[in-house]
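Participant: What follows is a structure written as structure tokens; I'll ask about it next.
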Amino acid sequence: MKKFSLVLHGGSGALIKKEMTPDKEAAYKETLKKALDTGYSILEKGGSAIDAVEKTVNVLENSPLFNAGRGSVFNAEGKHEMEASMMEGQNRIAGAVAVLKGVKNPISLARDVMENSPHVFLAGEGAAQFAKSLDHKFEKPDYFYDEFRYQQWQKIKGSDKFQLDHDTKTNSKIGTVGAAACDSEGNLAAATSTGGMTNKKTGRIGDSGVIGLGNYANNKTCALSCTGSGEYFMRSVAAYDVSCLMEFKKLSLKEATDEVIHKRVKEIGGDGGLIAVDAEGNIAMPFNTLGMYRASKSSTGEEELAVYKNQ
């Protein structure tokens, strides 16, 4: 049996350390650990990387602590527009959704686009109709309401400003969630889900919902999920860039992810991070922000759960 691994993130950036109370940190870590254990138990039983990343992200989407699913931020109209994407590395099939309202678990809908439609990307009303046709669970607006998120929006409501969840100047809560896995067959998969940016313009789509930008998987190279300033990750084609560096320049997972996060995204003004795994089960979790909520576990016994650097 090959080494299998799972890695996940709850967004790059973090609450300013002086504002991070023991109770807050415990709550974040408890949810990250629950997500890690959920996905890893699937891999441990011989399950697929696809199942593992979906169920891992579902746990994070169901928590109000993270900017995905239930904890999604408010857009300029006071609505919650979500996006998500999933890709598997064996056949490189993928599914994505964006400008999505009301669906409890966007990542599960992205998987259905991948496996049960002839398309890769559905958005807006079309995505909602597809979700209804497959009986996906919808929730009312109050399910997605979070007082912290609402107050976050109130501060910039009516302006042209938007707020990234990892913007430490405003001490905001954490954001985009994602997972990547290598199963015991050596197959890879990645999943990413987000509510986007506070006060974003209606219809805005970020990197999380676009294959090759915020999410990518290829058994020849790696599977990864990005988090951070989405427009910069889009301009960098960040997720696919990591894979290209591995495939064509023969860089290791660590070398390729460091190149993208610490140089290529950063040199055009972007910040954030990513989590990744290769077909050998190796893991990388680089970020260029104050912190990144992250966790990982491998069949060889390594396990990590952290928020800040050098933790």
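Participant: Given the conditions (1) surrounded by fewer than 24 Cβ atoms within 10 Å (Cβ to Cβ); (2) within 15 Å of the chain's Cα centre (by Cα); (3) more than 19 Å from residue 200 (Cβ to Cβ), report the number of the one that residue 70 does not fulfil.
Facilitator: Every condition holds for residue 70 apart from (3).
Participant: Could you please find all residues in the stretch 93-128 being surrounded by 21 or more Cβ atoms within 10 Å (Cβ to Cβ), of a type in the set (S, T, N, Q) and in a helix (DSSP H, G or I)?
Facilitator: 108
Participant: Can you find, within the stretch 258-284, the residue that is surrounded by the fewest Cβ atoms within 10 Å (Cβ to Cβ) among those that are among the charged types (D, E, K, R) and closer than 19 Å to residue 92 by Cα? Before the answer, list the steps.
Facilitator: So the first thing to find is which residues in the stretch 258-284 are among the charged types (D, E, K, R), and the list is 258-259, 263-264, 266-267, 271, 278, 280.
Still in the running and closer than 19 Å to residue 92 by Cα: 278, 280.
Working: 278: 28, 280: 13.
Per the criteria, the residue is 280.
Participant: Shifting gears a bit: Determine, yes or no, whether residue 41 is crowded, with 21+ Cβ neighbours inside 10 Å, in a helix (DSSP H, G or I) and without any contact (Cβ under 8 Å) to a residue 60 or more places away in the chain.
Facilitator: For residue 41, the condition - crowded, with 21+ Cβ neighbours inside 10 Å, in a helix (DSSP H, G or I) and without any contact (Cβ under 8 Å) to a residue 60 or more places away in the chain - is not met.
Participant: Listed residues 77, 83, 54; which is charged (D, E, K, R), part of a helix (DSSP H, G or I) and in contact (Cβ under 8 Å) with a residue 24 or more places away in the chain?
Facilitator: Working: 77 fails: part of a helix (DSSP H, G or I); 83 fails: part of a helix (DSSP H, G or I).
Just a single option satisfies the conditions, and that option is 54.
Participant: Related question: Please work out if residue 65 is under 21 Å from residue 7 (Cβ atoms), aliphatic (A, V, I, L, M) and surrounded by fewer than 24 Cβ atoms within 10 Å (Cβ to Cβ).
Facilitator: On the way: under 21 Å from residue 7 (Cβ atoms): yes; aliphatic (A, V, I, L, M): yes; surrounded by fewer than 24 Cβ atoms within 10 Å (Cβ to Cβ): yes.
It is true that residue 65 is under 21 Å from residue 7 (Cβ atoms), aliphatic (A, V, I, L, M) and surrounded by fewer than 24 Cβ atoms within 10 Å (Cβ to Cβ).
Participant: Can you tell me which of 35, 131, 84 is crowded, with 24+ Cβ neighbours inside 10 Å, in contact with a strand residue (DSSP E or B) (Cβ under 9 Å, 6 or more places away or on another chain) and over 18 Å from residue 190 (Cα atoms)?
Facilitator: 131
To keep it simple, each residue is scored yes or no on (1) hydrophobic (A, V, I, L, M, F, W, C); (2) in contact with a helix residue (DSSP H, G or I) (Cβ under 7 Å, 6 or more places away or on another chain); (3) within 25 Å of residue 82 (Cα to Cα); (4) at pLDDT 95 or above.
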| site | (1), (2), (3), (4) |
| --- | --- |
| 199 | no, yes, yes, no |
| 206 | no, yes, yes, no |
| 231 | no, no, yes, no |
| 240 | no, no, yes, yes |
| 264 | no, yes, no, yes |
| 303 | no, no, no, yes |
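Participant: Touching a Gly at 6+ places or on another chain (Cβ under 7 Å), among the charged types (D, E, K, R), over 26 Å from residue 42 (Cα atoms) and at pLDDT below 95: does that describe residue 139?
Facilitator: Details: touching a Gly at 6+ places or on another chain (Cβ under 7 Å): yes; among the charged types (D, E, K, R): yes; over 26 Å from residue 42 (Cα atoms): yes; at pLDDT below 95: no.
Against the criterion (touching a Gly at 6+ places or on another chain (Cβ under 7 Å), among the charged types (D, E, K, R), over 26 Å from residue 42 (Cα atoms) and at pLDDT below 95), residue 139 does not qualify.
The values are calculated or read from the model by the stated rules, or taken from the named source; none is laboratory data. Note that this is a predicted model, so its numbers are computed, not measured. Using ideal geometry, Cβ is built from the backbone for each residue, glycine included, and neighbour counts are taken over all protein chains shown.
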